Amino acid sequence: MSGKTNHFSIIIPFKSGKTYLLDCLHSVIEQDYPHYNIIILADNTSNIDDALDAVHALQNSKISIQAAEHNLDILQNWGRIKDLTKNEYMTILGYDDILEKSFLSAINDLINQHPEASLYHTHFNYIDSKNGLIKKCQPLPSRLNASEYLEYALNETIDIMATGYVFKSSDYDALGGIPTHYPNLIYADLQLWLDLIKISYLAVDPSTQFSFRIHASTTKTSKDKILLDAFILFLDYLNTLKKESNALEHIIQVNAQKFCESTTKAIAHRLLRTQKELRNGLSIDRMIEKINVKCISLEIPYEPLKIKSIRLARTIETYPILNRIFLLFKKMYKKPVL
């Protein structure tokens, strides 16, 4: 399709994982649309597996490496994105994700079709560590405003992550970048996409143009408290949205109860699979208490104990012998049982 030639910056925050990074870079270098550059944001430990040496060996002039002078955590590294010199449009790409060869061409056509939109996206696949297809993403309509997108998110009928969204660099910078007060950036991308969509709307190309990788985590400690802390911050954000427009307030009033109770169920089941000494003092009752405070502020009902599996999880947690039996059972049977 003819139209304006747009220029893109592809930002890749990176810590370690040479093989994944190189696969990701090759998928970008092989784009059939030439007007882009690649910025790798490397923290201070990135060269432990010779990853950066391998990137330099590519000798590709489109690639620049912004290596940190000191060790940075994920929040600090991603926080640098807003201060980079970037092309008019930008996207943040997971170092282990893969773009289809036509990704930028499809996005460029989408921008020319919807020049007034403030966020652009395509459909995608989930892949495993060996690039095998796991599943396709949930489909989206071709256009969504902020209240429509929020409704999808609260009903969990949309797959949301950082990869695959394209937007104006000036809009990103004006918003202060991705909100880095969320621990491990959990829910930070959802807030960013909503803030960008509020500027105008989201335009979606229904073709599959990238793959998001899911692979086993190497962490040995529980993320339950981190998930809860991030969720509490997102509920604060919903409270802010509620005051911005009648449309957003209506979506929150209608859908937030289900969202809160579904998230409570998910975290409760994670807690139950986590040894108490790894929970940082968190219990199911304490989690419910914290979420309930935010639901009161949002003026939405919140009745998690009406959900059978949450009541059962709470009972198992209460009795040490049941808790031990459950943990032993989960070591042998990995599928969900509640």
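The values are calculated or read from the model by the stated rules, or taken from the named source; none is laboratory data. None of the values given here were measured: they were computed from a predicted structure. Backbone-built Cβ (ideal geometry, glycine too); neighbour counts: all protein chains shown. When the accessible area is computed, the model is the full protein with side chains, heavy atoms only, and any ligands, DNA or RNA have been set aside. Shrake-Rupley method; radii C 1.70, N 1.55, O 1.52, S 1.80 Å.
Give the residue, chosen from N125, N108, that is within 26 Å of D23 (Cα to Cα) and open to solvent by 20 Å² or more (accessible area, probe 1.4 Å). Full working, then the answer.
Working: N108 fails: open to solvent by 20 Å² or more (accessible area, probe 1.4 Å).
Step by step, each of N125, N108 is checked, and only N125 is within 26 Å of D23 (Cα to Cα) and open to solvent by 20 Å² or more (accessible area, probe 1.4 Å).
Only one of the numbered conditions (1) open to solvent by less than 70 Å² (accessible area, probe 1.4 Å); (2) within 27 Å of I186 (Cα to Cα); (3) charged (D, E, K, R) is not met by K62, and that is (2). Of the residues making up region 124-143, those that are at pLDDT 95 or above and within 26 Å of K62 (Cβ to Cβ) number 3.
When region 32-48 is filtered for residues that are modelled with pLDDT under 95, open to solvent by less than 70 Å² (accessible area, probe 1.4 Å) and of a type in the set (S, T, N, Q), the ones remaining, listed by number, are T45, S46, N47. The single condition from (1) within 23 Å of G94 (Cα to Cα); (2) at pLDDT 95 or above; (3) open to solvent by 30 Å² or more (accessible area, probe 1.4 Å) that I214 fails is (2). For beta carbons closer than 6 Å, sequence separation of 6+ or different chains, a first residue in region 139-168 that is under 29 Å from N87 (Cα atoms) and a second that is surrounded by fewer than 21 Cβ atoms within 10 Å (Cβ to Cβ) and basic (K, R), the qualifying pairs are A146/K198. Using the structure shown, decide if T180 is modelled with pLDDT of 95 or more, out of contact with any helix residue (DSSP H, G or I) (no Cβ under 6 Å at 6 or more places or on another chain) and open to solvent by 50 Å² or more (accessible area, probe 1.4 Å). The answer is no for T180. Among the listed residues A51, A117, A68, which satisfies the condition of being touching an Asp or Glu at 6+ places or on another chain (Cβ under 8 Å) and open to solvent by less than 20 Å² (accessible area, probe 1.4 Å)? A68 is the lone residue from the list that is touching an Asp or Glu at 6+ places or on another chain (Cβ under 8 Å) and open to solvent by less than 20 Å² (accessible area, probe 1.4 Å).
Does region 9-42 hold any residues that are part of a strand (DSSP E or B), of a type in the set (V, I, T) and under 14 Å from V55 (Cβ atoms), and which are they? If you could, list the steps in order and put the result at the bottom.
Our first condition is that a residue be part of a strand (DSSP E or B); within region 9-42, this holds for 9-14, 36-42.
From what's left, of a type in the set (V, I, T): 10-12, 38-40.
I10, I12, I38, I39, I40 - these are the residues of region 9-42 that are part of a strand (DSSP E or B), of a type in the set (V, I, T) and under 14 Å from V55 (Cβ atoms).
For region 83-116, residues that are of a type in the set (A, V, I, L, M, F, W, C) and in contact with a Lys or Arg (Cβ under 8 Å, 6 or more places away or on another chain) total 3. Within region 8-22, if we keep just the residues that are surrounded by fewer than 18 Cβ atoms within 10 Å (Cβ to Cβ) and more than 21 Å from H70 (Cβ to Cβ), the residue that is modelled with the lowest pLDDT turns out to be T19.
May I ask you to list the residues in region 1-36 that are aliphatic (A, V, I, L, M) and free of Cβ contacts under 8 Å to residues at least 40 places away in the same chain? Before you say what the answer is, go through the steps one by one.
Of region 1-36, the ones aliphatic (A, V, I, L, M) are 1, 10-12, 21-22, 25, 28-29.
Matches in region 1-36: L22, L25, I29.
All conditions but one from (1) charged (D, E, K, R); (2) modelled with pLDDT of 95 or more; (3) closer than 25 Å to A174 by Cα apply to E100; the one that does not is (3).
If a residue must be hydrophobic (A, V, I, L, M, F, W, C) and open to solvent by 10 Å² or more (accessible area, probe 1.4 Å), how many such residues does region 260-282 contain? Break it down stepwise before answering.
We begin by selecting, within region 260-282, every residue hydrophobic (A, V, I, L, M, F, W, C); these are 260, 266-268, 271-272, 278, 282.
Subset that is open to solvent by 10 Å² or more (accessible area, probe 1.4 Å): 266, 278, 282.
Count: 3.
You will find that of H121, H114, the residue that is modelled with pLDDT of 95 or more and in contact with a Gly (Cβ under 8 Å, 6 or more places away or on another chain) is H121 and no other. Note on region 132-172: residues that are within 24 Å of N108 (Cβ to Cβ), touching an Asp or Glu at 6+ places or on another chain (Cβ under 9 Å) and open to solvent by 60 Å² or more (accessible area, probe 1.4 Å) amount to 3.
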